[in-house]
Amino acid sequence: MLQATAAFINCTGGTNSDNPTEMTRSDVDEVIRTLVTNDAYTIADNIEGEDKFGTAPVRDAYFAMGSTQLIGDLENVQGFIAKAQYPSPMHALRPEWGSISNVRFLLSSIGSQTTAASLNGATVFNVFCTGLEAFCCVEQDGYSANFIYRPPIYDSPLALNASVGYKFAEVPRITNDAWVINLRCTLSV
Amino acid sequence: MSTPLHGQISGTYVSDGTARVIPLRFDPDYFALFNQTNFNGVETPGETKRAWWFRSLDPESGFTVKNTDGMATDESDFVTTGGFRLINTITDVLEAAQIGTSVTAAAPAVAADAGHTFIPGDNVRVFSTTGMLQIAGMDFTITATDPGVDYTLGFLDSSTFAAPATAISARRIPFDPRDFAPKNRFITAISNAVNAVIQLSVTHGYNVGEIITLRCTPAFGMSEVNNLQGEIQSIDTVANTVTVDINTTSFTAFSFPTSAVAGSGVTFPQTIPVGDFDVLSGAIDNQAFIGLRLGVDVVGANNDVVHWVATKGLFGID
């Protein structure tokens, strides 16, 4: 849903001679600037610094959802703080990889990608940077989904064939398109 | 949605002479059509009277029976282009790239590609447009073709570009990208007018009364429209434009950047849908589908009445 309907910004600060380029600090800053200017609230509170070696305070942050393929490029962005460097890691989410400025990155193996969408025909990775209540999932009719399995004894005259079906009664929708931005990037190599 | 092991669907359509997609409730194993209007035809060249498709066939193939040119006798013809193609918007991926040699700097832009297999209505993603990087990475609807010679990007006016492209790669998108609607779209032109006219690169699907927000960076000139929201007053399905209640008369003229500027990285101008379709169907209208595309060799001539049947059953290959 976000890939189909959200506004996007191409990363342009990189050096891989593609459009969009790989992600850089200037691109993240542009997204943050845009969300803040649009009065989007951050989702996560700040994590205060503690006197632990190798850690750093984490700002209150928007969430960015992307692909695991971005591992590596993310860590090369100026100002990246890995989850292990958080003062209190219990505040980090399981899929979280780290933070850059006011954005905390959540990565998934099924993160959004668009095939052959760059200037050079490379895969473009869609990183959805979202503020509080930017989108939602509405469950209709009092339930979200229903998986229906009928064993053979109930589904066919000679008890030979089963049937499966599913019903979805939920829909994701953007509630404020100014509070969610698709930051599109390619990989550095 | 459910997936039956056995099923049959039949229907009728009136052809407009162009390829058409028939959405089905299952992925079929067999499909047949019968052209009622042309069943006794004696056309020259011969028109398809009957056609069949099996799951085991290559895409665009099909068994056809046509009348012999100008005669009432029939002849069989197994076609490998213009036939049937199975579509599943959930699982289908972009097709292989087709490499062309140029794109004109004209209105509309025409891409030269000997041996291309695109047909009008196809959506393609273009890239590696050497010398015309302004459009590299954008999606376009093809509006006309000269089979095996060139195809027209009908919703792109590249006449103001400094130079034509000396290469192009294009991959057919087997479905209108993404399943949720209304969708965001790339902008190819915005007029300076009391009610701005916006042209979009892919068949937009918007309706009168819907609201869109515009995004446009300074690289494309009319950055004043960035984040402006407007209601669609009218649509033009031929030019693929929407007219919105945004006054752009005093704004900087919209224009594509140079190829060099685009190559260093730009964000394409876009329309962002705000809210739902005007009848709130977007929230409940799952636009994903499974179906069959009927190519020009089987779909029938303009105004032909065609009956079809699709079946699904146990399928195996020895």
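For region A:97-113, the Karplus equation 6.51 cos²θ - 1.76 cosθ + 1.60, evaluated at θ = phi - 60°, returns couplings of 10, x, 9, 10, 6, 9, 10, 10, 9, 10, 10, 9, 5, 10, x, 5, 9 Hz by residue, with Gly and Pro reported as x. Panel values: region B:7-113, Kirkwood radius from alpha carbon pairs, Stokes-Einstein at 10 °C and 1.306 mPa s, translational diffusion coefficient 96 µm²/s. Estimated from the Cβ-Cβ distance and a Förster radius of 45 angstrom, the FRET efficiency linking B:D146 and A:I71 is about 0.45. A DSSP coil position with no more than 11 other Cβ atoms inside 10 Å describes the following chymotrypsin sites (Phe, Trp or Tyr not before Pro) in region A:99-189: A:Y143. Taking GluC sites (Glu not before Pro) in DSSP loop conformation with at most 16 other Cβ atoms inside 10 Å as exposed sites, chain A has its longest uninterrupted site-free stretch at A:51-132. Roughly how many Å is it from the Cα centre of region B:221-236 to that of region B:97-129, as a whole number? Between the Cα centres of region B:221-236 and region B:97-129 lies a distance of 28 Å. Identify the chymotrypsin sites (Phe, Trp or Tyr not before Pro) of region A:30-90 meeting these criteria: DSSP loop state and at most 15 other C-beta atoms within 10 Å of the C-beta. Here the sparse-neighbourhood loop sites are A:Y41, A:F53.
The tail of the calculated P(r) for the protein assembly as shown, taken as Cα-Cα distances beyond 38 Å, holds 36 percent of the pairs. Taking a point 7 Å from the Cα of B:F78 along the Cα-to-Cβ direction, the residues of region B:25-53 with backbone N closer than 17 Å to it are B:31, B:51-53. So what does the Cα-only Debye profile of region A:64-189 read at q = 0.11, 0.13, 0.14, 0.17 Å⁻¹, as log10 I(q)/I(0), no solvent term? Relative scattering, expressed as log10 I(q)/I(0), comes to -0.59, -0.73, -0.80, -0.98.
Estimated at 0.36 nm per residue, the fully extended path between B:A114 and B:N192 surpasses their Cα-Cα distance by 24.3 nm. Separation of region A:56-104 and region B:23-48, taken as the distance between their Cα centroids, equals 57 angstrom. Global dimensions of chain B from alpha-carbon coordinates: Rg and Dmax equal 21.8, 69 Å. Across region B:1-151, C-alpha contacts under 8 Å between residues 6 or more apart give a mean separation that, scaled by the residue count, equals a relative contact order of 14 percent. Summary value for region A:89-157: 15 percent relative contact order, contacts being C-alpha pairs under 8 angstrom separated by 6+ residues.
Within region A:165-181, find all residues whose amide N lies under 13 Å from a label point positioned 7 Å from the Cα of A:Q140 along Cα-to-beta-carbon. Inside the label zone: A:167-173. For region A:55-189, a crude dipole built from +1 on the beta carbon of Lys and Arg and -1 on the beta carbon of Asp and Glu, taken about the Cα centre, is about 180 debye to the nearest 20. Rounded to the nearest 20 debye, the dipole magnitude of the protein assembly as shown is 520 debye, with +1 charges on Lys and Arg beta carbons, -1 on Asp and Glu beta carbons, and the Cα centre as origin. Note on A:I71, B:I168: ascending count of other Cβ atoms within 10 Å places them as A:I71, B:I168, the fewest first.
Mean separation of Cα pairs under 8 Å and 6 or more residues apart, divided by the residue count, gives chain B a relative contact order of 28 percent. The trypsin sites (Lys or Arg not before Pro) found in region A:1-79 that occupy coil by DSSP, while having at most 12 further C-beta atoms within 10 Å, are A:K52. For the options A:T68, A:T175, A:T24, a Gaussian network treatment of chain A with springs between C-alpha atoms closer than 10 Å singles out A:T175 as fluctuating the most.
Readers should treat all values here as calculations from the given coordinates under stated rules, not as data from a laboratory. Everything numeric here is computed off the predicted structure, so don't read it as measured data. Positions of Cβ are generated from backbone atoms using ideal geometry, with glycine treated the same way; all protein chains shown enter the neighbour counts.
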